[in-house]
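In what follows, a structure is listed as structure tokens, so that the remarks can point back to it.
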Amino acid sequence: MELPPRRKLFDFQGVSMTHYFTDNWDNVQNFQARENDIMIATYPKAGTTWISYILDQLHYGPVAPKCQTSLVDRVPFLEMNIPQIPTGIEMLDKLATSARLIKTHLPVQFIPRSFWEQNCRMVYVARNAKDNLVSYFNFDPMNLAQPEPGDWNHFLQRFMDGKMVFGLWYDHVTGWWEKKQTHSKIHCMFYEDMIEDLGRELDRLCSFLGLSPSLEEKARVIEKSQFDNMKKNSMTNHSSIAFMDFKISPFMRKGKVGD
Ligand SMILES: Nc1ncnc2c1ncn2[C@@H]1O[C@H](COP(=O)(O)OS(=O)(=O)O)[C@@H](OP(=O)(O)O)[C@H]1O
């Protein structure tokens, strides 16, 4: 797949963005969420794919035929608008299910109004800034839809200045955290907690979602969501994404704390 030259960052309502995530803005803002939709919100590289797969399994169960399709199709990326592939909105419109899992990296102030009006559940995952930065630094060279990454020193400075797609890590995390204080339908999770004890975090998540899976079901979700298993699984390792160059780096890179 041939993409145009890498996009440049620009200031979009006070947040650094690229046009791949803003060109469909009116459709994104007018998106009609449904009451049972679940939003998965993260700063990029905080554990989106991991929590998406966990929710996907809890949501659709082990035998759903949909599980033969890629996770990126089952959990559409709301604001995505990359040439030659369907937009996130188009993918969402095609989903047969009535309760959708919806991925976003939008800062909280950009979330379309209908999600609040419908009182949708939202799961926000945050990751320690240093690991988030390292993961982002390794991701941008292999993701041809991202801006030119530059060297480490340049990237680090950009990260600290918030000159990253989806803006400053600190603003993103604190924005969602503050919203959670007054909004009971937001569940905040931390990547490090998931690494420490995924069973405990799964219990908390299920309690938020009002789900009570059996012990066997929980064990199955935990097993399938292990880093090595997701890396091997072509439905979860993003190997089908045409604008990612796996010769540069795998999407499922290390999955560690303190890298
Ligand atoms: N199961 C599991 N366990 C532990 N870690 C995992 C898992 N799945 C994904 N990852 C790691 O999450 C990082 C990718 O983050 P995202 O999925 O948020 O990326 S993206 O924003 O959707 O592009 C990326 O982190 P790094 O390895 O540090 O780069 C992935 O390896």
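The values are calculated or read from the model by the stated rules, or taken from the named source; none is laboratory data. None of these values were measured; they are calculated from a predicted model. Positions of Cβ are backbone-derived with ideal geometry, glycine not excepted, and every protein chain shown enters the neighbour counts. These accessible areas exclude ligands, DNA and RNA; they are computed on the full protein's heavy atoms, side chains included. Shrake-Rupley method; radii C 1.70, N 1.55, O 1.52, S 1.80 Å.
Exactly one condition in (1) open to solvent by 20 Å² or more (accessible area, probe 1.4 Å); (2) in contact with a Cys (Cβ under 9 Å, 6 or more places away or on another chain); (3) of a type outside the set (F, W, Y) is not met by G61; state its number.
(1)
Output the residue which, of all residues in the range 130-179 that are closer than 19 Å to H238 by Cα and free of Cβ contacts under 8 Å to residues at least 60 places away in the same chain, is least open to solvent (accessible area, probe 1.4 Å).
D140
Please tell me if K247 is more than 10 Å from the ligand (Cβ to nearest atom) and open to solvent by 70 Å² or more (accessible area, probe 1.4 Å).
Yes.
Answer with yes or no whether D73 is surrounded by fewer than 16 Cβ atoms within 10 Å (Cβ to Cβ), within 16 Å of the ligand (Cβ to nearest atom) and either without any contact (Cβ under 8 Å) to a residue 12 or more places away in the chain or of a type outside the set (V, I, T) (or both).
Answer is yes for this residue.
Only one residue in R253, R204 is open to solvent by 50 Å² or more (accessible area, probe 1.4 Å) and under 17 Å from the mean Cα position of the chain (by Cα). Which one?
R253
Residues in the range 87-104: is at least one open to solvent by less than 10 Å² (accessible area, probe 1.4 Å) and within 12 Å of the ligand (Cβ to nearest atom)?
For the range 87-104, residues open to solvent by less than 10 Å² (accessible area, probe 1.4 Å) and within 12 Å of the ligand (Cβ to nearest atom): present.
Can you tell me which residue is least open to solvent (accessible area, probe 1.4 Å) among those in the range 1-49 that are part of a helix (DSSP H, G or I) and in contact with a strand residue (DSSP E or B) (Cβ under 8 Å, 6 or more places away or on another chain)?
Ranking the qualifying residues of the range 1-49, first place goes to T48.
Need a quick list: helices (runs of 4 or more DSSP H) entirely within the range 149-245 having at least 2 residues that are closer than 23 Å to D259 by Cα and among the basic types (K, R).
227-232
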